[in-house]
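The values are calculated or read from the model by the stated rules, or taken from the named source; none is laboratory data. Note that the coordinates shown come from a computational prediction; the quantities given were computed from them, not determined experimentally. Positions of Cβ are backbone-derived with ideal geometry, glycine not excepted, and every protein chain shown enters the neighbour counts.
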Amino acid sequence: MLPRTAAPHPPSPVVELRDVTFRRDGKQILHGIDLTVREGEHWALLGPNGAGKSTLLGFCGALTHPTSGTVRILGQQLGRVDLQQLRRAIGHVNPRHPLRSPLTIREVVLTGLVGSVDLPPRWQPTRGDRDRADSLLGMFGLVDRADERWPTLSQGERGRALIARALISQPRLLLLDEPSTGLDVAAREQLLETIDLLRENHPRLASIMVTHHLEELPATTTHAMLISGGSAVAAGPADETVTTAQVSAAFAHPIEVRHEDGRWAARAGSVRRSAVATG
């Protein structure tokens, strides 16, 4: 008789939101959101402007507390944890990075170790820190520009450098807040190729990306949540969630969704044609 093998454990959850609501200035922003993100999963939060995506990302980054409901990040419940310590285990990529000093690219990446925009006075990185920064810059095709100053970088190079900055602290969760903002098509594709590398080089890393453009979804996207008016329209595996019917419902407009070679595309449908088809 063959010995029994233990059933594999599912990957650990890194984000757990249960019946989360949020109010601001008397206005209800989010209505009863549930979300579980596990190790190795790469989620997209999709929806129109004002749907509540950035607010939801703020919970995942331990930056915002819900009005009601429960938020657990990396096993820690918001309201019962040292937020500064928790945030150091979360990488955050914001294309509107508010850098004012002309740091080198390597120095910008190193600021990810201290969680600040500029390098703190009297703080010196170790040789290991510098080697790790150069390794990440090499992975993203920027090592030859490590000593160049931040203002000289293109928007696409800045996007890749900011991902390296977010990864240098070896986070378990990576948050990407509309990382393709301001990029032309070529720079966007280079950035998406960079994000696709994460699944191979950081297999246990979980990520959440906010966008409202399907063309900005990396091929490695595993799951998606569609949000409209502060409520979840659909959530689950990306190929089951990002569909013509559900995207059209989220954006309140007929939208034709295509999924080819691992990438998504969207085209607005005709309201008149849609009405004829359903009439």
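Just a few scattered comments:
- Inside region 190-224, residues that are closer than 19 Å to LEU137 by Cα and part of a helix (DSSP H, G or I) make up a count of 12.
- Contact map, region 238-254: first residue over 14 Å from MET225 (Cβ atoms), second residue surrounded by fewer than 19 Cβ atoms within 10 Å (Cβ to Cβ) and β-branched (Val, Ile, Thr), Cβ cut-off under 7 Å, separation 6 or more or different chains; pairs are THR244/VAL257; PRO254/VAL271.
- When the helices (runs of 4 or more DSSP H) confined to region 71-177 are screened for residues that are basic (Lys, Arg) and crowded, with 20+ Cβ neighbours inside 10 Å, those reaching at least 1 such residues are found at 105-114, 127-139, 155-167.
- ALA187 being hydrophobic (A, V, I, L, M, F, W, C), assigned to a helix (DSSP H, G or I) and more than 18 Å from LEU57 (Cβ to Cβ): yes
- Verdict on PRO98 being within 21 Å of VAL210 (Cα to Cα) and without any contact (Cβ under 8 Å) to a residue 24 or more places away in the chain: yes
- Screening ARG188 against (1) in contact with a Gly (Cβ under 8 Å, 6 or more places away or on another chain); (2) surrounded by fewer than 19 Cβ atoms within 10 Å (Cβ to Cβ); (3) among the charged types (D, E, K, R) leaves a single unmet condition, (2).
- Residue in region 144-161 that is modelled with the lowest pLDDT, counting only those that are in contact with a helix residue (DSSP H, G or I) (Cβ under 6 Å, 6 or more places away or on another chain) and closer than 15 Å to LEU103 by Cα: TRP150
- From GLU216, GLU240, residue being over 25 Å from THR21 (Cα atoms), surrounded by 18 or more Cβ atoms within 10 Å (Cβ to Cβ) and among the acidic types (Asp, Glu): GLU216
- Complete set of residues in region 166-202 that are within 12 Å of VAL108 (Cα to Cα) and free of Cβ contacts under 8 Å to residues at least 60 places away in the same chain: ILE168
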